[in-house]
1. Let me know the charge dipole size of the chain about its Cα centre in debye, to the nearest 20, where only the beta-carbon of Lys, Arg (+1) and Asp, Glu (-1) is charged.
2. Roughly what % antiparallel, to the nearest 5, for the DSSP beta bridges in the chain?
3. Computed from the coordinates I sent, mean projected area of the Cα convex hull in nm² equals one of (i) 6.7; (ii) 7.1; (iii) 7.5. Tell me the label.
4. Around THR31, with a cut-off of 13 angstrom between Cβ atoms, what is the net charge of the other residues, counting Lys and Arg +1 and Asp and Glu -1?
Amino acid sequence: QVQLVESGGGLVQAGGSLRLSCTASGGTFSTYTMAWFRQAPEKGREFVAASTSSGGVTYDTNSIKARFTISRDDAKNTVYLQMNSLKPEDTAVYYCKMVLKTTTYYEYQYWGQGTQVTVSS
């Protein structure tokens, strides 16, 4: 019953900005990691950024770190990805992922259905 829904994708010119959102619903959550992945046509899914419940933040590359910002609103069970200075290479379907830790030894993983980001030249 747990679902993740992404929104905020669209078409933007190079150098523009987009803000993606992902909201989890269908359960009660406490300790969880939220992350963003992306998949370009005919390419594998790659990691973008992640945010832990304790405030830890990880970005895949320096290029992403310089242009993207991941944040979260735990009261809304929502994670955001602010993307600035977008490049055509950023074109992909962006997916959010939640890793929910229920005990010290067990966790559950959920994926959203993705939102399309297209950056034109």
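Readers should treat all values here as calculations from the given coordinates under stated rules, not as data from a laboratory. This one's a predicted model, so the numbers in the text were calculated from it and none came from an experiment. We place every Cβ from the backbone using ideal geometry, glycine too, and count neighbours over all the protein chains shown.
1. Using Cβ point charges on Lys, Arg, Asp and Glu, the chain gives about 100 debye.
2. The antiparallel fraction comes to roughly 90 percent.
3. Only one option fits the structure, namely (iii).
4. Here the charged neighbours net out to 0.
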